[in-house]
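These notes concern the structure reproduced below.
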Amino acid sequence: MRSHDQPDDQIGARQGQVWACLSTVMDPELDESVTELNFVTHADVDAGNRVHIGFRLPTYWCAANFSYLMADDMRRAVAVLDWVEGVEVTLGEHMYADKINAGLAKGLSFQETFGDEADGEVEEIRRTFLVKAFQRRQSAILSHLVAAGHSSGALAAMTIAELETLVLDDDGARLRQRYLDRRGVVGAGGPETRAFITSESAKLTSESLPKYLSGLRRISVNAEFNSALCRGLLAVRFDIETPLRSRSCSAPATIGAG
């Protein structure tokens, strides 16, 4: 959709800002961007600076709370842009699509939308998945540091400040930033706080860290399997070869479950 009062470069810039915001929204279970996963089918700006987002999921029967959570995260991410007058997020080809879309349009909570059918609050689900993301990101950076020669004792005692100033290669720097972005999920801390703690905020030791890391790796392997499965299911259901931004704005948004 286009506004006749806005030049093409402004339209393009604003759509680019919307896509940039959406790229920060993670699939709660897979901890991967919804744009990289090809879940978002379109993100358009209309003449009134309202944003219209369509998205899909790999299967038809994705849990209602999971689907609602992802839609709400997209709305929140885009609503921070100061020029946005409203955000409409639409889920397609899903068993609860009509109910979810109606609830989102009215600004209702998940509990208000589903009433007695609701199985837990969205915020509880969000917290659960944030902890899982913390564990997966922690596994990645710890594995990288161990492979680089850092001892269990040094890692257990390392502070946030020491981790932030550690000289790393590009891959390590990326993993570090992703981990630090989720470190606050399990306990806030200053520069001298331990960089690596458990999801229960317990300290690690040189003796406990190897076993702890082994458990984290099992979590990561399971997440990687789910990611591959979701990508495969999405490819079976939908056309993921055509670049999304070149598709017609009027093309129906489709969805399934993650």
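The values are calculated or read from the model by the stated rules, or taken from the named source; none is laboratory data. For clarity, every value in this text was computed on a predicted model and none was experimentally measured. Positions of Cβ are generated from backbone atoms using ideal geometry, with glycine treated the same way; all protein chains shown enter the neighbour counts. Side chains included, ligands, DNA and RNA excluded: accessible areas come from the protein's heavy atoms. Shrake-Rupley method; radii C 1.70, N 1.55, O 1.52, S 1.80 Å.
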With a 10 Å radius around each residue's Cβ, average the other Cβ atoms per peptide and rank 55-68, 19-32, highest first. 55-68, 19-32
Expressed as a percent, the accessible surface of segment 143-231 that is carbon or sulfur, using a 1.4 Å probe and the full set of protein chains, is 55
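With Kirkwood's inverse mean 1/r over C-alpha pairs for Rh, give me the Rg to Rh ratio of segment 24-81, two decimals please. Could you put the intermediate results ahead of the total?
Details: Rg = 11.7 Å, Rh = 12.1 Å.
Rg/Rh for segment 24-81 comes to 0.97.
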Against the rule of thumb 2.2 N^0.38 Å, how large the Cα Rg of segment 172-224 comes out: 1.20
Once phi is turned into θ = phi - 60°, what whole-Hz ³J(HN,Hα) does the Karplus curve with 6.51, -1.76 and 1.60 give for every residue of segment 140-156, x standing for Gly and Pro? 5, 6, 5, 4, 5, 5, 5, 5, 7, x, 6, 7, 4, x, 5, 5, 5
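Rounded if a/c is under 1.5, else prolate if a/b is larger than b/c, else oblate: which is segment 134-220, with a ≥ b ≥ c the root eigenvalues of its Cα gyration tensor?
Numbers: a/c = 1.18, a/b = 1.04, b/c = 1.13.
Taking the square roots of the gyration eigenvalues as a ≥ b ≥ c, segment 134-220 is rounded.
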Just to be sure I understand the curve: with the Debye formula and one point per C-alpha of segment 92-168, what is log10 I(q)/I(0) at q = 0.11, 0.13, 0.24, 0.25 Å⁻¹? -0.55, -0.62, -1.18, -1.22
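Got the relative contact order for segment 31-188 handy, in percent, Cα pairs under 8 Å and 6 or more residues apart? Mind dumping the intermediate values first?
Values: 145 pairs, mean separation 28.2, N = 158.
Result for segment 31-188 is 18 percent.
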I need the peptides 185-192, 151-158 ranked by packing, meaning the mean over residues of other C-beta atoms within 10 angstrom, with the highest value on top. 151-158, 185-192
